1. Using C-alpha positions alone, give me the convex hull volume of the range 2-63 per residue in cubic angstrom.
2. Whose amide H sits under 5 Å from the amide H of Ser108, counting only residues 5 or more places off or on another chain, with H placed in the peptide plane?
3. For the range 160-169, just list the computed ³J(HN,Hα) in residue order, Karplus coefficients 6.51, -1.76 and 1.60, θ = phi - 60°, integers in Hz, with x standing in for Gly and Pro.
4. Which values, in whole Å and largest first, are the semi-axes of the equivalent ellipsoid of the range 76-170 obtained as the square root of 5 times each eigenvalue of the Cα gyration tensor?
5. What FRET efficiency comes out for the pair Thr9/Val31, r = Cβ-Cβ distance, R0 = 41 Å, nearest 0.05?
6. Please list, ordered by chain and number, the residues whose modelled amide H lies under 5 Å from the amide H of Ala126; skip anything fewer than 5 residues away on the same chain.
7. Near the amide H of Val102, under 5 Å away, which other amide H atoms are found, from residues 5 or more places off or on another chain, if H is placed in the peptide plane?
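Read-outs throughout are calculated quantities, based only on the coordinates presented, and are distinct from any laboratory measurement. Keep in mind that this is a model prediction, so the values were computed, not measured. In this analysis, Cβ positions are derived from the backbone assuming ideal geometry, glycine residues included, and neighbour counts consider all displayed protein chains.
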Amino acid sequence: MQELAWYVTLVVVAVIIVIFLRVVALSRTVVEHDTVQGTASRLRVGLFWGLIILGVIVAAFSLRGIPQLAARAGGDVQVVNVDSMQWSWDIDEPELVTGVPVEFRVSSSDVNHGFGIYDPELRIVAQVQAMPGYVNVLRHTFDEPGEYQIMCLEYCGVNHHNMVDSIFVDLPGDAAADGTGDDTGADAS
Ligand SMILES: [Cu+2]
């Protein structure tokens, strides 16, 4: 096997040397490429500015939804304080609504935990570390109603696998007046 690798390497190196010598030889011959260069240059300049403009548009469009900007813009925010401990979650506001940014303020009373939010199909939608002595902020806006599972993502001891809880996300109209921000109340028929 070692020998085979050795011969393959020799052949590849030989091929590279041949290509290199060929390029060196060709570089000495002068060819008229003014016209080709002109067209290529125009294409390059067009492509360059096209990509710059496209990049700016894509960046502006994709940055619209980032939670930090939404929070800075003011407006309604649902604040949820989360404490964690071996082996449970203490979530002060487990009833939320869709469409309004949620700010989870996550900490721990003992060791590191991982605050992981899973949608009803058990796909993870957001996560942040829960650390003693720190309050980590996780911002997320729920688009779909349902029961979301909270699961620990950081091995924290023998009962880590049972560190599961739920939060409930309703459509704004369905939420009972529950202290999650100030609904205008005009949504009930
Ligand atoms: Cu854990």
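1. So the per-residue Cα hull volume is 131 Å³.
2. Under 5 Å from the amide H of Ser108: Ser84, Met131, Gly133, Tyr134.
3. With coefficients 6.51, -1.76 and 1.60, one gets 3, 5, 9, 7, 10, 8, 9, 10, 10, 10 Hz.
4. 21, 15, 10
5. 0.75
6. Here Ile117 satisfy the definition.
7. Counting only residues 5 or more places away or on other chains, the set is Gln78, His140, Thr141, Phe142.
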